[in-house]
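All remarks here apply to the structure that follows.
The values are calculated or read from the model by the stated rules, or taken from the named source; none is laboratory data. Please read these numbers as outputs of a predicted model, since none were measured by experiment. Positions of Cβ are backbone-derived with ideal geometry, glycine not excepted, and every protein chain shown enters the neighbour counts.
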Amino acid sequence: MLSTVADSLYWLGRYLERVENYARFIDVNFNLSLDLPPDVQEQWMPLIATTGDIESYHKKNNNFDRQNAMYFLAFDEENSNSIISCIKASREIARTVRGSLNKEIWEKLNETYYFVLKGKKQKIWTREDPREFFKQVKLDIQLLYGISEDSISRGQGWYFSKLGQYIERADKTSRILDVKYHLLLPSLDDVGSPIDYLQWTALLKSVTGFELYCREYGTIEISGVVEFLTLNKQFPRSILFSLKEAQKCLSVVSGTTDGGYSNKAEKELGSLVSDLQYADVSEIIKSGLHEYIDGIQIKLVQISDEVYDHFFKIKPNFIEQKTQEQ
Amino acid sequence: MKFQPYVTEHIYDEMFESNEKCRSHYAMFKEKIEDLSTRKLMQLQHSTDKAQRAIGMTFNVYHDKKGKEKILPLDIIPRVINGKDWEVIEKGLAQRIEALNLFLQDIYNGGKILKDKIVPEELVLSSQDYLDPCSGITPPKGRWCHIIGTDLVRDGKGHFYVLEDNLRCPSGVSYMLENREILKRAFPQLLSSMGVRPVSDYPIKLLNMLQYMSDKAKPTVVVLTPGVFNSAYFEHSYLANEMGVTLVTGQDLIVENDFVFMQTTKGLKQVDVIYRRIDDKFMDPMTFRKDSLLGTPGLFRAFKKGNVALANAPGTGVADDKAVYAYVPRIIKYYLGEDPIIENVPTYLCREEKDKKYVLENIGNLVVKETNAAGGYGMLIGPKTTKSEHEKFKKLISSNPSNYIAQPTLSLSTVPTISKSKIDGRHVDLRPYVLYGEKVEVIPGALTRVALKKGSLVVNSSQGGGSKDTWVLYN
């Protein structure tokens, strides 16, 4: 597979996961805002903090008004991580790698693109209830996954895009946990108050983990939520689960069959996974969740860079040309 | 929906012999349309636009800063060509392509035809598209032009003429294929009952032709595109996809020891045949334009050494230069000893004093073209433009005569076309596609371009043109 195509597919995986996450985050946060008592402000700031784009948000806005926030996250084309930008980027990628996808996927993605464009035209963010739109985006992405599952051959391309998807997922889960935890911490005193309950519930819902969590842990408690989102082995959006899946993909594309590693990316990812496998939630909280998550994120960036170096980087044939001339 | 009232005066209409009388090969189609309500027909027309967007059949318009994507409007009334007319086109094109290929081989290898003074040597050597680095080269299997899209027009009497030989990177074949898919949905029964010849095997024929250019049993074929911002990108990815080959850009390729490789996740993989959709001069900054970022350094040398086949070969542009065009009938005679089966449009070469004088005196009746321009740019249609524009072109011609040719204004044939809520005649041209591998193969279909503006003769997509599906019948 062409290095540039593999690179594109990896990013396709990441962008689609990002779109779905954003759509879910916005939907859940809107839902939460409906339940808040009148004196409590809507919580759009933490959401924007989660995306890591708060600085560029501040450059355009001086408040965390719902409409501004929603516009920024979903429809702002100057925000390269917004839903509309990611859908656009996915579509451009899909155009360039049509050979690795198929007609159905391309047409569905293209349709989703036009749907989001239409949403912007209709100014969805000004609606009294915009949830229908975000639900549809989520469903569209899920449908895309469904189509791929049964129609894409399990060659290198598949594993590169899944690798992107799982790395993105681990990143987003870690970020939302970090931000919410940080924000909810001052209210630890009134653990058990209705607002607190709502907030933690919203966090779990934004990673579609509420029901699973309740079944496994019963009551909402901080260490339970942290453990569930970072270390749980069965929950498909926990950091550990996502990274284990990413590890499987990486070993397929690296051709490593007997365990161990054959490149730096594999080595880094493997050691991160085993750290998580042997971690204990009480130790994590004691030593500081924020620092712990920060460490994970730094490693994720490193892994992503090393995947690039090993698989995607191409020889710049133009530099070669200059040296020949000299 | 009724076709009448329908006016055919002074023109050749493909469907109607006169205002009332339908040509026999369109009879079944006419019946079908007349059975449909106006509303149903308009619905069918509307759904084609939607279908085109859904499959991403869009192109970017140069100079449009917003980067807006456009579709080439498809009119659902097809252009139908009967078997008898097609036979002439088929033979005529095969003859022409064979002669032009021999011409290219000759001018880059000794230039016998130039020495025999059939074509002025200076005309060929001074052409912007004559590539000196190609001299002495015989490309694989002796083929220079592999993929051709010749533009034909039909005059008021119904005669076909060749308007342009497109021997470089003719585009539009994806429209021929996708237009057919869309029309199959609109008129599912009609195609088989009318006996329309299929075009859907084009990608396989193309792949076979490309593979033929290599001596390997299983050569690696790629499509080389300038990238996603090129207006024909949809077509590049479409063809790669349909052939099941890799689509590459210049940066994916690298030349080592005069062999071409693509850079994959598992290292380098050798490439044997390149269907390149990138202009000659951008292909290799080491041989041609130094500032090109689109190509691959060293590609030309690899080609010259015979280590990779390029389709089309570099240097073919000289044979479809608008000034060389005027000599094609003589070129055919010279190499094949035959008279051309499809005629040329009479052409005045402003480089020749006598012709220049005629052009300057009769500019109001002529179409003037720059010899090296394409896409309907740099063109003057005498009868449709003002005196001051005539004067402007007269000056241009006088200051650089060899840059211009002129032709009489042809009244292009018309085909009924949906316009708002009625049916009206619009002018069309015809671009059939030809592949030249082991032998010449004319694909039984074409892209019919249509000038959607009433009375307009400019069919180019960049200037308000649309397209039609072209139905070539068995009989």
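Residue by residue through segment B:417-475, note down the ones that are crowded, with 22+ Cβ neighbours inside 10 Å and of a type in the set (Phe, Trp, Tyr). The answer is B:Tyr433, B:Tyr436, B:Trp471. Residues in segment A:271-314 that are of a type in the set (Asp, Glu) and in a loop (DSSP other than H, G, I, E, B): A:Asp280 alone. Please go through (1) surrounded by fewer than 20 Cβ atoms within 10 Å (Cβ to Cβ); (2) within 19 Å of B:His236 (Cα to Cα); (3) not basic (Lys, Arg) for B:Glu178 and return the number of the only condition it doesn't satisfy. Exception for B:Glu178: condition (1). Criterion applied to A:Lys264, A:Lys233 was being in contact (Cβ under 8 Å) with a residue 12 or more places away in the chain and more than 19 Å from A:Gly157 (Cβ to Cβ), and the one residue passing it is A:Lys264. Suppose the filter is within 11 Å of another protein chain (Cβ to nearest Cβ) and modelled with pLDDT of 90 or more; does A:Gln136 pass it? Answer is no for this residue.
Out of B:Asp272, B:Asp279, B:Asp201, B:Asp258, one residue alone is surrounded by fewer than 23 Cβ atoms within 10 Å (Cβ to Cβ) and in contact with a Cys (Cβ under 8 Å, 6 or more places away or on another chain). It is B:Asp279.
One line per residue, one yes/no per condition, for (1) assigned to a loop (DSSP other than H, G, I, E, B); (2) surrounded by 24 or more Cβ atoms within 10 Å (Cβ to Cβ):
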| residue | (1), (2) |
| --- | --- |
| B:Pro285 | yes, no |
| B:Phe288 | yes, no |
| B:Asp291 | yes, no |
| B:Leu294 | yes, no |
| B:Arg301 | no, no |
| B:Gly306 | yes, no |
| B:Ala313 | yes, yes |
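Exactly one residue out of A:Leu289, A:Leu250 is within 30 Å of A:Leu212 (Cα to Cα) and within 14 Å of another protein chain (Cβ to nearest Cβ): that is A:Leu250. Checking segment A:140-152 against the condition returns no match, with no residue being more than 26 Å from B:Thr264 (Cα to Cα), part of a loop (DSSP other than H, G, I, E, B), out of contact with any Asp or Glu (no Cβ under 9 Å at 6 or more places or on another chain) and away from every other protein chain (no Cβ under 14 Å). Of all residues in segment B:226-245, those that are more than 9 Å from chain A (Cβ to nearest Cβ) and more than 9 Å from B:Pro203 (Cβ to Cβ) total 7.
Among residues that are at pLDDT 95 or above, within 30 Å of A:Asn29 (Cβ to Cβ) and touching a Phe, Trp or Tyr at 6+ places or on another chain (Cβ under 6 Å), A:Ser238 is not included. For segment B:132-168, the set of residues classified as at positive phi and not in a loop (DSSP other than H, G, I, E, B) consists of B:Lys141, B:Gly142, listed by residue number. Assessment of segment B:58-73 against the conditions (under 28 Å from B:Gly156 (Cβ atoms) and of a type outside the set (Phe, Trp, Tyr)) yields at least one matching residue.
A Cβ distance below 9 Å, combined with a sequence gap of six or more or placement on separate chains, defines the contacts here; from segment A:305-322, residues that are within 17 Å of B:Ser292 (Cα to Cα) and within 10 Å of another protein chain (Cβ to nearest Cβ) reach residues that are modelled with pLDDT of 80 or more and in a helix (DSSP H, G or I) in the pairs A:Pro316/B:Gln251; A:Asn317/B:Gly250; A:Asn317/B:Gln251; A:Phe318/B:Gln251. With a cut-off of at least 3 residues that are without any contact (Cβ under 8 Å) to a residue 60 or more places away in the chain and not small (Gly, Ala, Ser), name the helices (runs of 4 or more DSSP H) lying wholly within segment B:171-271. By residue number, B:202-212, B:233-243. Within segment A:71-111, being part of a loop (DSSP other than H, G, I, E, B), surrounded by 20 or more Cβ atoms within 10 Å (Cβ to Cβ) and within 14 Å of another protein chain (Cβ to nearest Cβ) holds for A:Val97, A:Leu101. The residues listed here are B:Gly267, B:Gly250; of these, the one that is farther than 20 Å from B:Gly227 by Cβ and of a type in the set (Gly, Ala, Ser) is B:Gly267.
Checking A:Tyr15, A:Tyr57, A:Tyr10 one by one, the residue that is within 14 Å of chain B (Cβ to nearest Cβ) and touching a residue at least 12 places away in the same chain (Cβ under 8 Å) is A:Tyr10 and no other.
Within segment B:213-223, at least one residue is at pLDDT 95 or above, within 14 Å of another protein chain (Cβ to nearest Cβ) and touching a helix residue (DSSP H, G or I) at 6+ places or on another chain (Cβ under 7 Å).
Among the strands (runs of 3 or more DSSP E) confined to segment B:391-461, the ones with at least 2 residues that are more than 18 Å from B:Ile342 (Cβ to Cβ) and not aliphatic (A, V, I, L, M) are located at B:414-419, B:422-427.
Would you check if there is a residue in segment B:52-74 being loosely packed, with under 13 Cβ neighbours inside 10 Å, under 28 Å from B:Pro188 (Cα atoms) and either touching a residue at least 24 places away in the same chain (Cβ under 8 Å) or in contact with a helix residue (DSSP H, G or I) (Cβ under 7 Å, 6 or more places away or on another chain) (or both)? No - not one qualifying residue is present in segment B:52-74.
Please indicate, with yes or no, whether at least one residue in segment B:14-34 is part of a loop (DSSP other than H, G, I, E, B) and modelled with pLDDT under 85. No: segment B:14-34 contains no residue that is part of a loop (DSSP other than H, G, I, E, B) and modelled with pLDDT under 85.
Selection within segment B:259-307: residues that are of a type in the set (Asp, Glu) and more than 14 Å from every other protein chain (Cβ to nearest Cβ). The member of this set that is farthest from the chain's Cα centre (by Cα) is B:Asp272.
Annotation: B:Glu90 fulfils all but one of (1) modelled with pLDDT of 95 or more; (2) loosely packed, with under 15 Cβ neighbours inside 10 Å; the unmet one is (2).
When residues in segment A:261-299 are screened for being at pLDDT 90 or above, among the polar types (S, T, N, Q) and loosely packed, with under 15 Cβ neighbours inside 10 Å, 4 of them pass.
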